[in-house]
Amino acid sequence: MAIVYDPTYKTYTLHTERTSYQLQADRFGRLLHLYYGQRSEGCLDYLLTFADRGFSGNPYEAGDERSYSMDALPQEFPVQGTGDFRSPLLIVRDESGTFGCDLKLKGHAIRAGKYALEGLPAVYADAEADGAETLELRLENERLGMRVTLLYGVLPKLDVITRAAVLENTGEGTLRVEKLQSACLDFVGGDFDLLCFYGRHAMERQLERGPLRHGATVIGSRRGYSSHQYNPFVILADRGTTETAGRCWAMQFVYSGGFRAEAELDQYGQTRLQMGLAEEGFSYPLRPGEKLTAPEVILSYSAAGFERLSHNLHRCIRRHICRGKYRDAVRPLLLNSWEASYFNISGESLLALAGEAKELGMDLLVMDDGWFGERWDDRAGLGDWTANEKKLGCTLGELVGRVNALGLKFGIWMEPEMVNEDSALFRSHPDWALAIPGEKPVRARCQLVLDLSRREVCDYLFTSICAVLEQGNIEYLKWDLNRSIAEAFSRTADDQGRVLYDYMLGLYDLLERITARYPDLLIEGCSGGGGRFDAGMLYYCPQIWCSDNTDAIDRLTIQYGTSFGYPASTVGAHVSACPNHQTGRVTPLATRAAVAMAGTFGYELDPKKLSAEEREEIRHQTAAYHEDAPLIQDGLYYRLSDPASELCCAWAVVSESGDRCLLSAVLQNGHGYLPAIYVKPRGLTPGAFYRVRESGKRYPADALMDMGLPFPQPAAEYDCCVWHLERV
Ligand code: GLA
């Protein structure tokens, strides 16, 4: 039993193989958080301390007991207006505008299997195969008619717990939800660092680690999508936690819209970590009889450093978030037309690329932007999803057929959520764009955002996308999004405070309809690279273009940061031309391939512009990737050094059984006479021996993991070394 209710102490304990999470309904029917850490048995309410503290008031039912204060006790679902002055998860107002909603526990249910959320992506897991269980706690406030159902999912084998909440208005008046967070963790002590993944376009998910100070550290996105600027994923860790030692807790949002995550160190040295919907732009009218769901947060705890925490999350995302044929099937090795030709594509140039791709051992040609409407540059065409036959020189169906005839799969780019003012769609439906009447909208990349909170807009997109996919045997769709939402005004909404949330429901519903109709279609998410790289999108797209920055050296920090929360199987990574189009940097072709092989591998260049030697090298790379793809896609990923601070950036992918390891290292700076550099793998089987395929030599696993392999004398700037280790 993963979930245990103890009626004597009124505790709910959620056990995974290595962790336990405990909460308690106290004598007043309030939910207190007791513990989230190493697996433990019994009632842990000894952790609570009670003291009479000035200016920390007491709930009425505590009577004279001045040591019982909501302001000091660790809470499970803190609500504003209960005398807890820390940052709440929920702020509600009634029709008169009055704040406050004191909730009491009214009932619980424990069920086999993992709950699902209506209209929202969520972790899925099986009762039998995965031992998954669900805890439901029902909280109520009678005056308001507010019912909150807290949902907990337990995946025991993965050391993963999920949380979500469903609000329901059972009363007579409209309740206005001003803030809604999905999960919080209250710690009664600790000296913590917060790890966040910040960035910008073409430089996403840079790790930043810093100590908590008194007050709140808040990150998030007000952009209507999860954003390049902060990823909806944070880690709280003891100050000394490393890759392989120390305590750490993760929160990962299964949502792709605006979000916030906050870590607050309070007056008593206690820490509250929380995550949920963005507050700005959100003011939700919950009418009588209606429900509102707080999207899911994935929690994980590791007492053995970040590596185990990442492995827990990687396993969860790979098998319990990603769906469809390509959850398990090896992903096709692709050639994307974007950096090869940008908007200057033609049927002829695409067929030439396809011919090259086939010859070089690739599987799929992706026709990127520029193929539809009057799309000669980025100023026109978005919304008009019919092929520009002038450009293609034939119909889309004919082009797909010709590419297929060369022995390649065909993939296509779309940006369904957007519209250019210069498009037939905008001319016929100007009101379908999000814009405030009487105001000029903010433009970004010359485009506006379609109002996906409207059913008819989503229906139009569904029909248009299906019409494109029906033109031929299209097996891959790159789903892009290239701007933030500035104005959340919908012409049809009865209340503008719900538009951003409804937009996400519209998007998810659209994606659900597409994936249900085309279960074998591989969708690659994209948002100007990795601007919408989150567990919500991964429910529909098992891979996401990680960054528009294809520079191998910049990719080291981008992919390093990404790897904390997301497995390599989700990371779109391509080899591009040199000098690199984003940075001008020149790196060896081998290094570009080694770095891109830490993800779903592909190329984004014009092979015709390469030398015969480079083409030959690519032939070897594609053969190597085809052999290693299952290992890269399903193996455990090890960060072996931090690219931000170390000369040599190394990582490894090791099969779950430990019999194979792909060890890669890139020298970031080879200037001057270098000290000897040793690359130390982890995850090998202790006591075993491994043969290095490249040299044929045999080494003991323990010495390899203890001292490492020497990085050879570099032959070029940014040189790399790749070793295949096989257990013998
Ligand atoms: C975005 C994507 C790129 C490319 C362009 C096309 O920037 O991230 O990969 O598809 O759009 O306009």
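When restricted to residues that are part of a loop (DSSP other than H, G, I, E, B) and over 26 Å from residue 302 (Cβ atoms), the range 5-28 contains 7.
Can you tell me which of 66, 53 is in contact (Cβ under 8 Å) with a residue 40 or more places away in the chain and either hydroxyl-bearing (Ser, Thr, Tyr) or part of a loop (DSSP other than H, G, I, E, B) (or both)? Of the residues listed, the single one that is in contact (Cβ under 8 Å) with a residue 40 or more places away in the chain and either hydroxyl-bearing (Ser, Thr, Tyr) or part of a loop (DSSP other than H, G, I, E, B) (or both) is 53.
Residues in the range 413-432 that are outside any loop (DSSP other than H, G, I, E, B) and under 27 Å from the mean Cα position of the chain (by Cα): 413, 414, 418, 419.
Quick grid of which residues meet (1) in contact with a Phe, Trp or Tyr (Cβ under 7 Å, 6 or more places away or on another chain); (2) hydrophobic (A, V, I, L, M, F, W, C); (3) within 16 Å of the ligand (Cβ to nearest atom):
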site	(1), (2), (3)
320	yes, no, no
342	no, no, yes
347	no, no, no
357	no, yes, no
364	yes, yes, yes
376	yes, yes, yes
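Scanning the range 561-602 for residues that are open to solvent by 10 Å² or more (accessible area, probe 1.4 Å), out of contact with any strand residue (DSSP E or B) (no Cβ under 6 Å at 6 or more places or on another chain) and under 20 Å from residue 532 (Cβ atoms) returns a single hit, 582. Criterion applied to 56, 87 was being within 30 Å of residue 278 (Cβ to Cβ), outside the structural domain of residue 178 (by TED's automatic domain parsing) and among the polar types (S, T, N, Q), and the one residue passing it is 56.
Applying the set (1) within 28 Å of residue 642 (Cα to Cα); (2) within 22 Å of the chain's Cα centre (by Cα) to residue 192 leaves exactly one unmet item: (2). Screening residue 330 against (1) closer than 16 Å to residue 603 by Cα; (2) away from the ligand (no atom under 15 Å from the Cβ); (3) of a type in the set (Val, Ile, Thr) leaves a single unmet condition, (1). Filtered by the rule that a residue be of a type in the set (Val, Ile, Thr), open to solvent by less than 50 Å² (accessible area, probe 1.4 Å) and more than 25 Å from residue 396 (Cα to Cα), the range 471-513 gives 485, 499. Taking the range 385-409 as the region of interest, how many residues are within 16 Å of the ligand (Cβ to nearest atom) and touching a helix residue (DSSP H, G or I) at 6+ places or on another chain (Cβ under 9 Å)? Matching residues across the range 385-409 total 2.
Looking only at residues in the range 523-542 that are over 25 Å from residue 585 (Cα atoms) and surrounded by fewer than 24 Cβ atoms within 10 Å (Cβ to Cβ), the one that is farthest from the ligand (Cβ to nearest atom) is 540. Residues in the range 410-423 that are within 15 Å of the ligand (Cβ to nearest atom) and either open to solvent by 10 Å² or more (accessible area, probe 1.4 Å) or in contact with a helix residue (DSSP H, G or I) (Cβ under 6 Å, 6 or more places away or on another chain) (or both): 416, 419. Residue 89 meets the conditions (1) surrounded by fewer than 19 Cβ atoms within 10 Å (Cβ to Cβ); (2) touching a strand residue (DSSP E or B) at 6+ places or on another chain (Cβ under 6 Å) in every case but one. The failed one is (1).
Please go through the range 543-563 and pick out each residue that is closer than 17 Å to residue 319 by Cα and either at pLDDT below 95 or away from the ligand (no atom under 14 Å from the Cβ) (or both).
The answer is 563, and nothing else.
The set of residues from the range 309-329 being more than 12 Å from residue 637 (Cα to Cα) and in contact with a Ser or Thr (Cβ under 8 Å, 6 or more places away or on another chain) comprises 316, 317, 318, 322, 323, 324. Beta carbons closer than 6 Å, at least 6 apart along the sequence or on distinct chains, pair a first residue in the range 218-246 that is within 20 Å of residue 548 (Cα to Cα) with a second that is surrounded by fewer than 22 Cβ atoms within 10 Å (Cβ to Cβ) and of a type in the set (D, E, K, R) for 228/200.
The values are calculated or read from the model by the stated rules, or taken from the named source; none is laboratory data. Just so it is clear, the model here is predicted, and its values are computed rather than measured. Glycine gets a Cβ as well: all are built from the backbone with ideal geometry, and neighbour counts include every protein chain shown. These area figures cover heavy atoms from the full protein model, side chains too; ligands, DNA and RNA do not enter into them. Shrake-Rupley method; radii C 1.70, N 1.55, O 1.52, S 1.80 Å.
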